[in-house]
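The values are calculated or read from the model by the stated rules, or taken from the named source; none is laboratory data. Please read these numbers as outputs of a predicted model, since none were measured by experiment. Cβ sites come from the backbone with ideal geometry, for glycine too, and all protein chains shown count toward neighbours.
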Amino acid sequence: MSDESAPREERRAARRRALVGLATTVRSLVDATVSTDVDALVVEQIAGEVARLDAALRERLHPGPYSGLVGGVEFDVERPAGRMPLSPFAGEANPIAPPLDLHYEGERLLGTVVLGKAYVGPPGTAHGGVVAGLMDQMLAATGQRFRAGGVTARMTVEFRRPTPLGVRLDLTGWLEPPVEGSSTRRVCAEIRHGDEVTASADAVIVVVPGFSVEPRRA
């Protein structure tokens, strides 16, 4: 239960923390759902329990596009997930998002993720659409942080080799030098498993004023 006497900002922050925790649990439930080998009767019993929980959450739905998780809540600009809590690829409050951990380091966006069976394509490897989605997320978050936030005009993904499931993947995003007089920027990203690049991507971003996020000043 929420403490209605607490300041509104505190209640919003507490609600966001709770939803992030719920998303983490549901993300694990999704992984268990696609991996379990328990008997059908057990599955049916669990489905009934989940249905009751689903009904409880639906007693009051937020009408906003981000369910009230963005406006009025402070976040660390150095953490991309803070400003996009419902992203399907990096949203910490979205249980369908893989556990993608992103942070900025110098002039690059770095990330790690382990993709479970919920993201399977060919046996043992990630679905190509998931790989492309991760690349799109990296490109957008890189542009936003390094003064090239805007809208994607074109994105190209090169699938170099299968991206495996169940292992650590390292992701990197970076911005190419600007072209003088151009209103667009080229952003690049790649996914690595060990020393091998499994996928790379680049995008042309039309820079839009106000889309970039300024870093914190010391």
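A few notes on this one:
- Test: residue in segment 131-149 that is surrounded by 18 or more Cβ atoms within 10 Å (Cβ to Cβ) and assigned to a strand (DSSP E or B): no
- Of all residues in segment 186-201, those that are surrounded by 19 or more Cβ atoms within 10 Å (Cβ to Cβ) and touching a Cys at 6+ places or on another chain (Cβ under 8 Å) total 1.
- Per the listing Glu59, Glu49, the residue uniquely part of a loop (DSSP other than H, G, I, E, B), surrounded by fewer than 17 Cβ atoms within 10 Å (Cβ to Cβ) and at pLDDT 95 or above is Glu59.
- Flag for Thr112 being buried (at least 19 other Cβ atoms within 10 Å of the Cβ), polar (S, T, N, Q) and without any contact (Cβ under 8 Å) to a residue 60 or more places away in the chain: no
- In the condition set (1) surrounded by 12 or more Cβ atoms within 10 Å (Cβ to Cβ); (2) acidic (Asp, Glu); (3) more than 25 Å from the chain's Cα centre (by Cα), Asp31 is compliant with all but (3).
- Qualifying positions in segment 183-205 - hydroxyl-bearing (Ser, Thr, Tyr) and in contact with a Lys or Arg (Cβ under 9 Å, 6 or more places away or on another chain): Thr198, Ser200
- One residue from Tyr119, Tyr104 being without any contact (Cβ under 8 Å) to a residue 60 or more places away in the chain and closer than 28 Å to Val70 by Cα: Tyr119
- Sub-7 Å Cβ pairs linking a first residue in segment 167-188 that is outside any strand (DSSP E or B) to a second residue that is modelled with pLDDT of 80 or more and surrounded by fewer than 17 Cβ atoms within 10 Å (Cβ to Cβ), at least 6 apart or interchain, are Val167/Val114; Val167/His193; Ser183/Val206, ordered by first then second residue.
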